[in-house]
Amino acid sequence: MLDQKTIKKILTQQNLVAEDGFDKLVKEAKSKKKPLDIYLIEKKIVTEETLYEMAAQEKNIPFINLKESPIRKDILFTISESLARTHETISFDGDDNKLKIATLQPDNVQLVDFLHKTIDKEIEIYLTTPSSLAEGLKLYQKSIEAEFKDITATDTKETSAATSPNKDLKELAQDLPVIRIVDTLLEYAIFENASDIHIEPMEKNVLVRYRIDGILRDVMTLPKSAQAGIIARIKILSNLKLDEHRLPQDGRFKIESAKYKVAFRVSIIPVYDGEKIVLRLLDESGKALDLAELGFQKKAHEKIQANVKKPNGMILVTGPTGSGKTTTLYTVLNMLNSPEVNIATVEDPIEYHMARINQSQINPKINFTFAAGLRSLLRQDPDVIMVGEIRDLETAEIAIHAAMTGHLVLSTLHTNSAVATIPRLLDMGIAAFLVASTTNVIVAQRLVRKICQHCIASYTLEPEVVKDLEIQFDIPDVMVTLERERVVSDKETPLDKLLFYKGKGCKKCNSTGYKGRMGIYEVLEITTDVGKLIMKKASVNELTKAAKEQDMLTMVEDGFIKAKNGLTTIEEVLRVSKQ
């Protein structure tokens, strides 16, 4: 982390901020409990690379971007991984007489002296950026295949003994080979930014798959002999019954280090060849997202912000399972979370723990349902209530009455579009005037994979793709929207003449062409005009027409804008729009 004096000198000399403006930024960073350099980069006052490159000039040392520098393994391991991570320093080049190190701590004289004495080489210091260093540190991680090869090669006899059926399950779970296998599976899932781990028993082996960016991928096939030990180990970590093999079980555990804090939600279910385990990874590192980071366009962002400020009413988020609804709701909750506001939730399950928010887990076995929980929450003097999902008439009625009596209510439904939510509520049995008067805004969403920015390339659509798009969507209508949003200059431009983008595939994205995910959205604000149509029980087509007249982007239009801007691909928009 750069010191405040250096940052101030850089920003003022480059006329990026005035002196009084800098003091204000320092106070803001402190109030948000963020390092000043990270806060400035997040606020887009300066880019990370520019800030650290200028800091290197200021300190009169060279700058290095490790993302563009191949590092030999023998050079890398000159400094141990633990030392590299602790002191934010990595060796990236050198010869018999000299070792070049990239660091975030160029003033750490003790470290340089220590390296000079232990390695017996001249140490040349370079400054790098935090994200560049993070990329370099990833090189310490061998491929998962190599790791498992090492484990099985080293521990073959030990593993066979450890996984003997005569062994007690508790003993089995504590054997070193089993612990190493499970730890490696979890570590690589975090390293690969997986959202789920699937451990599936087959007839002759155990299949491990990760869901990365929404797509399941085979990762490893383990010997059948490891099955019992892996299941027992995960049951112990999750505090589940070791001797229960016939009934489903659910649990949870957490892994924490200096770099990450991840909760694992565990589901175990009996299948034909044993017990299948699915672990959902939940990042609890505390990094709060905002709506812009999730992928909301400016107008949609403004509509949500305006409705979040209202003291009462309902904000509904819709979409299929796995479309990111919970993340959107937690982002809105984070916007509302302040000492003056009492926020309470009833969820199934609680996915993320949030400070200052009272979160309750439903339990149908003891009749603690969404409706029962919501009814109880209303006696807790809440300002904001989040209901995990509106599944039935009783929950819907209580939520709407809460919204009528001065509470802001957030919830989710399973509908295919924002407009389709209205007839769904009416079909449940809610009176039209109640839907019109209590609903503030409805957000529908899907998740698309983002193009890897390291291998992005432009291209034009093939004739068969254009034909498929014209069958699936109202392309003239989409083109009108693209022109209105200034994404294209002329709505009459043929689709096959437009430039779109895709990833060619590289090491950064495991040759998939995609890295990370973002949302495509439609945000329906319940204005007076839309409210009147709801009261008349207007059709979905009439409601859609009214919504588009107030500049609502459909999910498909939002997807086309993001594809045209090089954020995702047309193929991704096609894939998720069929859900």
Test: ALA403 is under 24 Å from ASP529 (Cβ atoms), open to solvent by less than 10 Å² (accessible area, probe 1.4 Å) and part of a loop (DSSP other than H, G, I, E, B): no
Where TYR521 falls short, out of the listed (1) in contact (Cβ under 8 Å) with a residue 24 or more places away in the chain; (2) not in a strand (DSSP E or B): (2)
Number of the exception - LEU2 against (1) of a type outside the set (Val, Ile, Thr); (2) over 22 Å from GLU135 (Cβ atoms); (3) touching a Leu at 6+ places or on another chain (Cβ under 9 Å); (4) open to solvent by less than 50 Å² (accessible area, probe 1.4 Å): (2)
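Per-residue answers, yes or no, for (1) open to solvent by 90 Å² or more (accessible area, probe 1.4 Å); (2) not charged (D, E, K, R):
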| position | (1), (2) |
| --- | --- |
| LYS491 | no, no |
| LEU498 | no, yes |
| GLY503 | no, yes |
| GLY513 | no, yes |
| GLU542 | yes, no |
| GLN550 | no, yes |
| ASP558 | no, no |
| ILE561 | no, yes |
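How many residues are in contact (Cβ under 8 Å) with a residue 60 or more places away in the chain and either buried (at least 17 other Cβ atoms within 10 Å of the Cβ) or farther than 25 Å from ASP348 by Cα (or both) if we restrict to segment 215-226?
6
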Criterion violated by GLU347 - all others in (1) of a type in the set (Asp, Glu); (2) touching a Ser or Thr at 6+ places or on another chain (Cβ under 9 Å); (3) open to solvent by 30 Å² or more (accessible area, probe 1.4 Å) satisfied: (3)
Filtered residue count, segment 10-30, keeping only those that are open to solvent by 70 Å² or more (accessible area, probe 1.4 Å), closer than 22 Å to PRO130 by Cα and modelled with pLDDT of 80 or more: 1
Qualifying residues in segment 55-71 (those that are touching a residue at least 12 places away in the same chain (Cβ under 8 Å) and under 32 Å from the mean Cα position of the chain (by Cα)) - the one nearest to ILE119 (Cα to Cα): ILE71
Qualifying residue in segment 383-392 (condition: of a type in the set (Gly, Ala, Ser), within 24 Å of ASP250 (Cα to Cα) and either open to solvent by 40 Å² or more (accessible area, probe 1.4 Å) or outside any loop (DSSP other than H, G, I, E, B) (or both)): no
Flag if ASN307 is within 21 Å of ALA547 (Cα to Cα) and touching a residue at least 24 places away in the same chain (Cβ under 8 Å): yes
Residues of segment 314-367 satisfying the condition of being assigned to a helix (DSSP H, G or I) and not hydrophobic (A, V, I, L, M, F, W, C): LYS325, THR326, THR327, THR328, TYR330, THR331, ASN334, PRO364, LYS365
Residues within segment 350-375 that are touching a strand residue (DSSP E or B) at 6+ places or on another chain (Cβ under 7 Å), more than 20 Å from LEU289 (Cβ to Cβ) and open to solvent by less than 60 Å² (accessible area, probe 1.4 Å), tallied: 5
Answer residue from segment 40-67, given it is within 21 Å of ASP107 (Cβ to Cβ) and hydroxyl-bearing (Ser, Thr, Tyr) and is surrounded by the most Cβ atoms within 10 Å (Cβ to Cβ) among those: TYR52
Residue among ILE181, ILE212, ILE199 that is modelled with pLDDT of 95 or more and either in contact with a strand residue (DSSP E or B) (Cβ under 9 Å, 6 or more places away or on another chain) or open to solvent by 10 Å² or more (accessible area, probe 1.4 Å) (or both): ILE199
Number of the condition not met by VAL530 [criteria: (1) of a type in the set (A, V, I, L, M, F, W, C); (2) closer than 30 Å to MET314 by Cβ; (3) open to solvent by 80 Å² or more (accessible area, probe 1.4 Å)]: (3)
The one condition in (1) open to solvent by 20 Å² or more (accessible area, probe 1.4 Å); (2) at pLDDT below 90; (3) farther than 30 Å from LYS508 by Cβ that ASN205 fails to fulfil: (2)
All positions within segment 524-559 that are out of contact with any helix residue (DSSP H, G or I) (no Cβ under 7 Å at 6 or more places or on another chain), without any contact (Cβ under 8 Å) to a residue 40 or more places away in the chain and either closer than 30 Å to ASP218 by Cα or among the hydrophobic types (A, V, I, L, M, F, W, C) (or both): ALA538
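Taking the options VAL441, VAL478, name whichever one is in a helix (DSSP H, G or I) and under 30 Å from ILE304 (Cβ atoms).
One residue alone meets the criteria, VAL478.
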Strands (runs of 3 or more DSSP E) enclosed by segment 235-309 - at least 3 residues per element that are open to solvent by 40 Å² or more (accessible area, probe 1.4 Å), under 27 Å from ILE451 (Cα atoms) and polar (S, T, N, Q): none
Qualifying residues in segment 116-153 (those that are part of a loop (DSSP other than H, G, I, E, B) and farther than 12 Å from THR103 by Cα) - the one modelled with the lowest pLDDT: SER143
Residue in segment 311-322 that is crowded, with 18+ Cβ neighbours inside 10 Å, in contact (Cβ under 8 Å) with a residue 24 or more places away in the chain, among the hydroxyl-bearing types (Ser, Thr, Tyr) and in contact with a helix residue (DSSP H, G or I) (Cβ under 6 Å, 6 or more places away or on another chain) present: yes
Residues of segment 211-229 that turn out to be within 12 Å of TYR514 (Cβ to Cβ) and not in a loop (DSSP other than H, G, I, E, B), as a count: 3
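Among the listed residues ARG424, ARG446, identify the single one that is touching a Gly at 6+ places or on another chain (Cβ under 7 Å) and of a type in the set (D, E, K, R). Outline the logic, then answer.
Numbers: ARG424 fails: touching a Gly at 6+ places or on another chain (Cβ under 7 Å).
Residue meeting the stated conditions: ARG446.
The values are calculated or read from the model by the stated rules, or taken from the named source; none is laboratory data. What you are looking at is a predicted structure, and each value in this text was computed from that prediction instead of being measured. Don't worry about glycine lacking a Cβ; one is built from the backbone with ideal geometry, like all the others, and counts go over all protein chains shown. Keep in mind that these areas ignore ligands, DNA and RNA; they rest on the heavy atoms of the full protein, side chains included. Shrake-Rupley method; radii C 1.70, N 1.55, O 1.52, S 1.80 Å.
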